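Below you'll find the structure, written out as structure tokens, and then a few comments.
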Amino acid sequence: MIMAQYPECPDRGDRRERRHRAVTVRTPATSANLGPGFDSLGLALTLHDTVEARITASGLSVEVSGEGAGEVPRGEDHLVVRAMRAYFAAAGGQPPGIALRCQNAIPHGYGLGSSASAIVAGLLAAHALAGPHGPAAEGGQQTPDLLALATSLEGHPDNVAACLKGGLTIAWTGGHATPAVRCARLEPLPGLVPVLCVPDAPLATAAARAVLPAQVRHADAAANAARTALLVTALTSDPGLLLDATEDYLHQRYRAVAMPETADLLGRLRAAGVPAVVSGAGPAVLALTLDAPQGSAPGPDTVESVAAGTSAQWQVSRLAVDRRGAVVARGGA
């Protein structure tokens, strides 16, 4: 019964070939918050996971290489599988079998959107595999809203929006009249060079959120709103504002107790004039530099020098902004 929901072919051999045809999804790492934009701003980065997915006659097969290999589950609890199941359920039915090959480059537990990457990969793979003759086409159901479904799985929209759209995104949930999750995509400045600093040990997002207070001062909320608006301007038109614009009042100072090495590096970078933030929930640090610094503004070399002068070990990488977002291609990787 479920098999009939997938593309039919003139003969049994061709049907089998289509059933086993693969799609490949490449998803970028993302850095959320960017300082003051708590749970709303996201930036896509040129560090990618790749997932090859196909529909099979039966069962579930999951292969993982790279980051998380030997650690992440390889059954129904695998996040890509969960996302695919969620899409197929929303679209009208499950396939007979799924096979996955995951090549991971995004570190897990460092505030770089690894879970958002997996969720987006699973949703886009399921969407591509269902196709125009899939469950959404039968029974008159609509194609699921990918951003809303991704947000329901992730818990907040900042990382999944940037992963889907690329560039700089602002994500929000509508009011009572329009409760859907929405996002706006903006084009970051050309020449922006995000420099990523990754420590040795990860930190669970739940642990980073657990130290946040239930309430904040009205003055801090107001200051953060101003900085968030300023940050959008700084990232799209006026990089001279980046240091002021990345000042946060809502979450980074509270998280310092859970990640002291991160707080130390962040303080050193900002004291050196580098617009640096905790990447997502941490413990990675993201510095927003320019390939051609204006005047005496510090560039990527300063980040590397400051990180080398701390007592901790940091893996420092110069990246770029991923301006495409998640990409789907037919066939294997």
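Here the peptides 66-78, 112-124 are ranked by packing, the mean other Cβ count within 10 Å, and the order with the highest first is 112-124, 66-78.
Sort 188-196, 37-45 for me by packing, meaning the mean count of neighbouring Cβ atoms within 10 Å per residue, highest on top. Walk me through the intermediate numbers first.
Details: 188-196: 18.7, 37-45: 25.8.
Those peptides, ordered most packed to least, come out 37-45, 188-196.
If you build the Cα gyration tensor of region 187-318 and take the root of 5 times each eigenvalue, what three semi-axes come out, in whole angstrom, biggest first?
Working: eigenvalues 104, 84, 26 Å².
Equivalent-ellipsoid dimensions as semi-axes: 23, 20, 11 Å.
In whole angstrom, how far apart do the alpha carbon centroids of region 46-98 and region 237-315 sit? Here the two parts' Cα centres lie 35 Å apart. For region 187-318, the relative contact order comes to 37 percent (Cα pairs under 8 Å, sequence separation of at least 6). Roughly how tilted is helix 218-236, in degrees to the nearest 10 and between 0 and 90, from the longest Cα axis of the chain? Approximately 70 degrees, to the nearest ten. Would you kindly calculate the translational diffusion coefficient of the chain, applying Stokes-Einstein with the Kirkwood radius from alpha carbon pairs, for 4 °C and a viscosity of 1.567 mPa s, and quote it in µm² s⁻¹ without decimals? Approximately 63 µm²/s, per Stokes-Einstein.
Work from the charge dipole of the chain (Cβ charges, +1 for Lys and Arg, -1 for Asp and Glu, about the Cα centre) and give the residue of Pro73, Val211, Ala229 farthest towards its positive end. Projecting each Cα onto the dipole axis, the largest value belongs to Pro73.
Among 303-310, 146-153, how do they line up by average Cβ neighbours within 10 Å per residue, starting with the highest?
Working: 303-310: 16.9, 146-153: 20.6.
Ranked by mean Cβ neighbours within 10 Å, highest first: 146-153, 303-310.
Taking Cβ atoms as reference points and 11 Å as the exclusive limit, the residues near Leu123 contribute a net charge of 0, counting Lys and Arg as +1 and Asp and Glu as -1.
In the chain, the longest principal axis of the Cα atoms and the axis of helix 260-271 are about 60 degrees apart.
Just to verify a number: FRET efficiency for Arg217 and Ser317, C-beta to C-beta distance, R0 = 45 Å, to 0.05?
About 0.80, to the nearest 0.05.
Readers should treat all values here as calculations from the given coordinates under stated rules, not as data from a laboratory. Please read all numbers here as calculations on a predicted model, not as lab measurements. Cβ atoms come from the backbone with ideal geometry, glycine included; neighbour counts cover every protein chain shown.
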